[in-house]
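What follows is a set of notes on a single structure, which appears directly below.
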Amino acid sequence: MSIDLLKLCDRESFYAEFLAEGIYPDGRPINSFTKMSFKRGACGGVGSALVRQGGVTVSCSIKASLTLQHDGPLVIPAIESCSDINQKIVNDILDILNDLFSRNLLFPRESLMSKGSDDAIPLCWQLNLDIRILNSDGCILDAVIGAVVAALSDVRLPWIEVSHLQNDEAPFEKNDIKILEQTSPINYLNFPVAVTFGLYDVQKENGKTCILCDPPTDILNLSRIRCFLVISEQGVLCMRTCGQLSDPVLIQTMIDCAEERRKAVIHTLKTTDS
């Protein structure tokens, strides 16, 4: 049977031949990652980024608005995806993002306090993240987290001058606020990186399982277990799996691999000009 016919008639057998040799069909080793590229400031707003990783392209544009201090979320992500992405995937990614922001794992909440008017009524910035998944053949979460982190690193929030003092009982109006030219970046605690793995049984009869790093979508969907890690220099921030994963050796191997990936991605991000 020809290779093309095998892929058409028996997709799993087609991929199994390559994975047994430790490579993907394009020749990339299964323990390696595709390059992640960043282009900051490409999509408007107070900060933005366009990220590509393999066959996945994601943009993130951030809009900022002033609000009175409150206890609710100050970072609100929204995702618009291409039609071939299951809504559950989008919902899972939003859930992870909201969890990271609610626990202040990217930056302290105080970083969104407005600067420039210490004695005036306290205001803070609310950030709306417009995330767009433009292409989806690969590890979507990895690219989304990369786009969000890159866009946030591009943010410059203006200082403001507020003429309404804290003890002033008169109604607070828009004219009481003056936007200044001076700006400040967001102060980070962490630069998290997301890493996707698949666990695939190469020799089912012998119980041999291999770890697939950054697999293409078709191969990820064939994996017995899918694992999604979000990691920073403080350690694992989030770990989610599809399938039962209990082998501590496999888990630690993926964490070690994710840490190396994190270092490479952050190096690329920090050496990429805005």
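Every read-out reported here was derived from the displayed coordinates using simple, explicitly stated rules and does not represent laboratory data. Because the structure is predicted, anything quoted here is derived from the model rather than measured. Note that each Cβ is placed from the backbone with ideal geometry, even for glycine, and that neighbours are counted across all protein chains shown.
Close Lys pairs in the chain, defined as Cα atoms under 30 Å apart and 8 or more places apart or on different chains, number 26.
Plainly put, the chain has a radius of gyration that is 1.07 times its Kirkwood radius, both from alpha-carbon atoms, as the Rg/Rh ratio.
By the count of other C-beta atoms within 10 Å, a proxy for reagent exposure, 189, 212 are ordered fewest to most as 189, 212.
Note on region 36-185: Kirkwood radius taken over Cα pairs, Stokes-Einstein applied at 37 °C and 0.692 mPa s, translational D equal to 199 µm² s⁻¹.
When 200, 15, 188 are arranged by Cβ crowding within 10 Å, least crowded first, meaning fewest neighbours, the order is 188, 15, 200. When +1 charges are put on Lys and Arg Cβ atoms and -1 charges on Asp and Glu Cβ atoms, the dipole computed for region 36-185 relative to its Cα centre reaches about 560 debye. Can you give the FRET efficiency to the nearest 0.05 for residue 23 and residue 256, using r as the Cβ-Cβ distance and R₀ = 22 Å? Computed FRET efficiency for residue 23 and residue 256: 0.55. Give me the angle, in degrees from 0 to 90, between the Cα long axis of helix 248-270 and the longest principal axis of the Cα atoms of the chain, rounded to the nearest 10. Approximately 50 degrees, to the nearest ten.
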